[in-house]
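The values are calculated or read from the model by the stated rules, or taken from the named source; none is laboratory data. Predicted model only: the values in this text are computed from it and were never measured. Don't worry about glycine lacking a Cβ; one is built from the backbone with ideal geometry, like all the others, and counts go over all protein chains shown. These area figures cover heavy atoms from the full protein model, side chains too; ligands, DNA and RNA do not enter into them. Shrake-Rupley method; radii C 1.70, N 1.55, O 1.52, S 1.80 Å.
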Amino acid sequence: MTASPKIQPNPGAASAALMVNPNVAALPAYNAGMSLARARLLSGHDDLARLASNENPDGCAPAVLAALANGGFEPWRYADPACTALREALAARLGVDAGVIVAGNGSEEMIAAISRGVLVAGSQVVTVVPSFGLHEIEPLAAGASVLKVPMTVDAGFDLAALEAAIAAGPRVVFLSSPWNPVGPALDKSALQRLIAAVRPGTLFVLDEAYFEYADADAPDGIESLRNSGIAFVVLRTFSKAYGLAGLRVGYAVCSDPEIARVITAAKTPFNVNGAAQIAAVAALEDEAWMTASVARIRSERDRVALALAGMGLHAAASQTNFLFFDTRHDSSIVAAALLQDGIIVKAWRELGYETWLRVTIGKPADNDRLIASLQKQVAG
Ligand SMILES: *Cc1c(COP(=O)(O)O)cnc(C)c1O
């Protein structure tokens, strides 16, 4: 058999004739970091400390793997498009009606669906900088313009500036608390102050991807918002503390069924696959595994923060599974040196924050590698 000739691409002619959505064509790329294969190639290390994506170094609950093996997963069937079992389990856990919960292919998909369902060309959106990339990218894709409120000099939320930006009446506010990439969480009174600034016509989206890692006295967004009278969505995910990043499952808790209906209409119908639905229900049933993992990671986080401070690298206060700090050098150079020691981290690339580095808390041995490699750089 002879090989069939390859089709020769002619991108110039094809793209000259094709009209594309200019909002999408102009989007900045999402900074998803380096592939494992490339990191291995560049570093010469096979055994990498993967501290770039805020994954759970403890893995996931053994009960999840057991449920995937024995839980009736049928790859040849379309899974329940309404995610009924998962939404009912969440409704019972959270004390809300299942009708206000929408499950997503990761909470990222919910950010996309909110943007598609709520925003139109010219809509205004408010978020923060440094920002979680999709809080900007998805609104831009919908043709909105995005105002980013910078963090304060001591790496906190600028409450006065946020209050003013929210009171100006944007169509959507996207805030993560605890804040990715910085780390702090809004306290109860700060959250109340921002909620009080929301005007009719604004949807307040509180992204609580790191909720499980927050301090015991941090506010629960659902509790704080449920009787606020404003239009809101709280986002949570199974990707971080529950350790299911690769399966893709998160959810939106909405202020009312009409917002849930619009988000549902804006997503794809079979968005959460069957394995993810089974795994998420099993993960909820083994909360003890998750809380033990969170406790280990929080104590490692405090140990790493102390070691960094000992080198003069003062990380922002963190209620998450990562630390964010100013290296006072181009952080991509620091990251490249860490990679030579087999450690992958995230050098921040947003304008004004190119000296900052975000490092995920890993297993104790990975954290020791990070500390040793940074000590070498600081000394050198
Ligand atoms: C990691 C993260 C997410 C989400 O992830 P999914 O894996 O899509 O659920 C959402 N928001 C923030 C702020 C995150 O850091």
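With a ≥ b ≥ c taken as the square roots of the eigenvalues of the C-alpha gyration tensor of the range 265-325, please select rounded if a/c is under 1.5 and otherwise prolate if a/b is larger than b/c or oblate if it is not? Numbers along the way, then the final one.
On the way: a/c = 4.99, a/b = 2.04, b/c = 2.45.
Oblate, since a/c reaches 1.5 and b/c is not below a/b.
Given the -39500 (n - 2.57) contribution per DSSP H run of 4+ residues, what per-residue ellipticity at 222 nm results for the chain, rounded to the nearest 500 deg cm²/dmol?
Details: 15 runs with 156 residues, N = 380.
My calculation for the chain gives -12000 deg cm²/dmol from helical runs alone.
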If I histogram all Cα-Cα distances within the range 62-285 using bins 10 Å wide from 0, what percent of pairs lands in each bin? 8, 35, 36, 17, 4, 0
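With charges set only on the Cβ (+1 for Lys and Arg, -1 for Asp and Glu), what does the dipole of the range 225-356 come to about its Cα centre, in debye to the nearest 20? Can you show the working numbers first?
Working: 13 positive and 12 negative charges, 27 e Å.
Its charge dipole is roughly 120 debye.
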The range 44-82 versus the range 236-282: alpha-carbon centroid distance in Å: 15 Å
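Out of the total accessible area of the range 62-285 (probe 1.4 Å, heavy atoms of protein only), what percent is carbon and sulfur?
Details: 4780 of 8560 Å².
Exposed carbon and sulfur together represent 56 percent of the surface.
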Using only the alpha-carbon atoms of the chain as identical scatterers, what base-10 log of I(q)/I(0) does the Debye formula give at q = 0.06, 0.14 Å⁻¹? -0.24, -1.29
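List the DSSP H helices in the chain whose Cα atoms stretch 24 Å or more along the helix axis and whose mean Kyte-Doolittle hydropathy is at least -0.5. Could the numbers behind the result be given before it?
On the way: long enough: 287-310 (35 Å, 0.05).
Those that pass (Cα extent of 24 Å or more, hydropathy at least -0.5) are 287-310.
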Dipole axis of the chain (+1 Lys, Arg; -1 Asp, Glu on Cβ), positive-most option in Ala161, Ser43, Ala280: Ser43
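Determine the dipole magnitude for the chain: charges of +1 sit on the beta-carbon of Lys and Arg, -1 on that of Asp and Glu, nothing else is charged, the reference point is the Cα centre, and the result goes in debye to the nearest 20. Could the numbers behind the result be given before it?
Details: 30 positive and 37 negative charges, 160 e Å.
That gives the chain a dipole magnitude of about 780 debye.
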With a 10 Å cut-off between alpha carbons and a GNM built on the chain, which of Met110, Met19, Met311 moves the most? Met19
Ranked by GNM mean-square fluctuation in the chain (Cα springs under 10 Å), the top entry among Ala49, Ala39, Ala245 is Ala39
Keeping every protein chain present and rolling a 1.4 Å probe, give me the accessible area per residue for the chain in Å². 46 Å²
Euclidean distance of C-alpha centroids, the range 198-218 and the range 101-156, integer Å: 14 Å
Label-to-label distance, nm, for residues given as Asn70 and Ala92 (7 Å Cα→Cβ offset): 1.9 nm
State to the nearest 20 debye the size of the charge dipole of the range 62-285 about its Cα centre, where the only charges are +1 on K and R beta carbons and -1 on D and E beta carbons. 480 debye
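Please figure out what share of the DSSP beta bridges in the chain is antiparallel and state it in percent, rounded to the nearest 5. Mind showing how you got there, number by number?
Details: 16 of 36 bridges.
Bridges in the chain are about 45 percent antiparallel.
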Using DSSP to call loops (not H, G, I, E or B), can you name the trypsin sites (Lys or Arg not before Pro) in the range 30-77 whose Cβ has at most 13 other Cβ atoms within 10 angstrom? Arg77
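Net charge near Ile111, counting Lys/Arg +1 and Asp/Glu -1 over other residues with Cβ under 12 Å of its Cβ? Kindly include the intermediate steps, with their values, before the conclusion.
Values: positive: Arg116, Lys267; negative: Glu108, Glu109, Glu136, Glu138, Asp207.
Value of the local net charge: -3.
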For the chain, with +1 on Lys and Arg beta carbons and -1 on Asp and Glu, the positive-most of Ala92, Ala265, Ala337 along the dipole: Ala337
Compare the Cα positions of Asn31, Ala231, Gly104 along the charge dipole of the chain (+1 at Cβ of Lys, Arg; -1 at Cβ of Asp, Glu; about the Cα centre) and return the one farthest towards the positive end. Asn31
